[in-house]
1. How tilted is helix 168-178 with respect to the longest principal axis of the chain? Cα atoms for both, answer in degrees (0 to 90, nearest 10).
2. Step through the residues of the range 62-75 one at a time and calculate ³J(HN,Hα) from phi using the Karplus curve (6.51 cos²θ - 1.76 cosθ + 1.60, θ = phi - 60°), rounding each to whole Hz and writing x for Gly and Pro.
3. At most 10 other C-beta atoms within 10 Å and a DSSP loop state: those are the exposed trypsin sites (Lys or Arg not before Pro) I care about. Give me the longest piece of the chain that has none.
4. State the Cα centre-to-centre distance between the range 66-119 and the range 157-180 in whole Å.
5. First compute the accessible area of the range 167-250 with a 1.4 Å probe, then give the percent of it belonging to carbon and sulfur atoms.
6. Please work out the Cα center distance from the range 3-44 to the range 213-250, rounded to the nearest Å.
7. With θ set to phi - 60°, apply the Karplus curve 6.51 cos²θ - 1.76 cosθ + 1.60 along the range 93-108 and write out the HN-Hα couplings as whole Hz, x wherever there is a Gly or Pro.
8. Calculate how steeply helix 142-153 sits against the longest principal axis of the alpha-carbon atoms of the chain, using the helix alpha-carbon long axis, and give the answer as 0 to 90 degrees to the nearest 10.
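The values are calculated or read from the model by the stated rules, or taken from the named source; none is laboratory data. Values in this document were obtained by computation on a predicted structure and should not be read as measured data. In this analysis, Cβ positions are derived from the backbone assuming ideal geometry, glycine residues included, and neighbour counts consider all displayed protein chains. With ligands, DNA and RNA removed, areas are computed over all heavy atoms of the protein, side chains included. Shrake-Rupley method; radii C 1.70, N 1.55, O 1.52, S 1.80 Å.
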Amino acid sequence: MNLTSIPALQDNYIWTLNDVEGRCLIVDPGEAAPVLRVIEENKWQPVAILLTHHHHDHVGGVAELLSHYPNLEVYGPEETRAKGAKIIVSEGDNVQILGRDFTIYATPGHTLGHISYFSFPYLFCGDTLFSGGCGRLFEGTAKQMFDSFQKLNALSEETLVCCAHEYTLSNLTFARAIYPQDAEIERYYREIKELRAKNGISLPTKLALERKINVFLLTQRHDLQQQIGLETTPQHEWQVFAALREKKDAF
């Protein structure tokens, strides 16, 4: 399989996977034009669209893509039914696309019905887990997002996190302000700062790396808890996550 990121809108990535026969799937097409251009350039045959949630910058291109390819299978959570989803999927479902099995994970927090798709090593997690950060809590709670993070963090360290926005540098800027003594965060911040200065793409990222540089995955660390002034027990670790999200919102 070949993974491609298509820049769209202001800072979105639309992901595609294609096989050796040129069949492809499309993840969260916020607009159609760049997708149609890449399909034409590569002579691909699109077979499916995967939607993670209902926000316009993830579904805005669905109608136009369907006008060009009316037989596309469109998968999504219930909240995307009105946005063009034809096959409604939810936690624990397994679907086969391009000969691959995709497992569906409910990952609420950003929206209540947000889902993620996993077919090793590819994780399409929309606006849940970002490199160095997490999605905003527009509809769900910090506890829901924390639980979603734990679910995704249980996947293999070799998982490729294919999230939907180029937020890595801003997330790392926050992380080093919160946790300035962490050498790995500082190292990666400098690497990404140089990469983005050349307009390079920071995604996908490996889960193994995120476990080192994403403060929202480090909430169990006592030194991080001390840094934000909230030491707690494992069963209340989500409160550390909540405090970090509040700080990020105000950063």
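1. So the helix axis and the longest Cα principal axis differ by about 10 degrees.
2. 4, 4, 5, 5, 5, 5, 8, 9, x, 8, 4, 7, 10, 9
3. Excluding the exposed sites themselves, the longest stretch runs over 44-197.
4. What the calculation gives is 25 Å, centre to centre.
5. 49 percent
6. The distance from the Cα centre of the range 3-44 to that of the range 213-250 comes to 36 Å.
7. 5, 10, 10, 10, 9, 6, x, 10, 8, 10, 9, 9, 10, 6, 10, x
8. For helix 142-153, the angle is close to 70 degrees.
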